[in-house]
Amino acid sequence: MKILVTGFDPFGDDKINPAIEAVKRLPDEIAGAEIIKLEIPTKFNVSAQVVHDAIAAKHPDYVLSIGQAGGRFALTPERVAINLDDGRIPDNAGYQPLNHTIHADGQTAYFAQLPIKAMAKAIREAGIPSVVSNTAGTYVCNHIMYQVQYMRDKEFPEIKAGFMHIPFLPDQVVNRPDTPSLSLADDVKGITAAIGAIVARDGKGDIETIEGAIA
């Protein structure tokens, strides 16, 4: 089994992005699965092509994209991606879309094929906070989650894919009072546990457990 794990480069005012820093530190093999690591740019109009090329070249069984979600306290496997780009800030190319449809012929939303509930449970069992998230936002994180799902819909039906957000690193919250953070070591530990759950649930579907949210 091969799992492509992507992580974004730094964006906005931050000089570091925990996503790619954690991805780079993952083992080359987890639970018997080969881990393919890929850095992708935080750019709406470029990131999807980088991932597409990697899928076409490496033929992974799974794609797990990792992104930073400043303000969240936990690792959050995402349930759904929506067909909308609406940038709170410009991306690293200076592009800031406003209510832009990603693909006119794409679904309004795509659900992840990853065992998100099993992933959250495995992360918590590793001693790291985790909850299932029902929104990936409208920035480049949602964009790449949606784009990979679109690729799966139109070109790569054999893959299974999804996205997970991770919190700020401690260095990023020095001047952000009352903002949660998580160490890079814990990020790596949590992502490793999530990938272990993906491998363990391969061909079995997700576990039946409550991971819903009131809001």
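All of the numbers you see were taken from the coordinates with simple rules; none came from a lab. Computed from a prediction, not measured in an experiment: that's the story for all the values here. Heads up, the Cβs are rebuilt from the backbone with ideal geometry, glycines too, and the neighbour counts pull from every protein chain shown.
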Handout entry: Peptides ranked, highest mean first, by Cβ atoms within 10 Å: ranges 111-120, 87-96, 159-168, 54-63
Key = 159-168, 111-120, 54-63, 87-96
Practice task
At 0.36 nm per residue, minus the direct Cα-Cα distance, what do D202 and Q49 gain on full extension? Give it in nm, one decimal, please.
Solution key: 52.4 nm
Handout entry: FRET efficiency, 1/(1 + (r/R0)^6) with R0 25 Å, evaluated for M1 and D153 via beta carbons
Key = 0.70
Exercise for the section: Compute the Rg to Rh ratio over the chain from the alpha carbon atoms, using the Kirkwood formula for Rh, and round to two decimal places. Expected result: 0.93
Exercise for the section: Work out, step by step, the length gained on full extension between A57 and E34: first 0.36 nm times the residue separation, then minus their alpha carbon distance; give nm to one decimal. Expected result: 6.8 nm
Practice task
Report the Stokes-Einstein translational diffusion coefficient (µm² s⁻¹, integer) for the range 114-196, Rh taken as the Kirkwood radius over Cα pairs, at 4 °C with viscosity 1.567 mPa s.
Solution key: 91 µm²/s
Exercise for the section: Given a cut-off of 25 Å, name the pairs among K121/K189; K15/K154; K43/K117; K121/K154 whose C-alpha atoms lie farther apart than that in the structure shown. Expected result: K15/K154; K43/K117; K121/K154
Fill in the blank from the handout: Computed curve, the range 154-204, Cα-only Debye sum without solvent term, log₁₀ I(q)/I(0) at 0.21, 0.23, 0.25, 0.31 Å⁻¹, is -0.82, -0.90, -0.97, -1.17
Fill in the blank from the handout: Once Lys and Arg are counted +1 and Asp and Glu -1 for all other residues with Cβ under 12 Å from that of T42, the total becomes -3
Practice task
Would you mind checking the range 54-74 for residues with the amide N under 17 Å from a putative spin-label position 7 Å along Cα→C-beta of T209?
Solution key: 74
Completion exercise
With R₀ set to 30 angstrom, the calculated FRET efficiency between the beta-carbons of I16 and D105, to the nearest 0.05, is 0.20
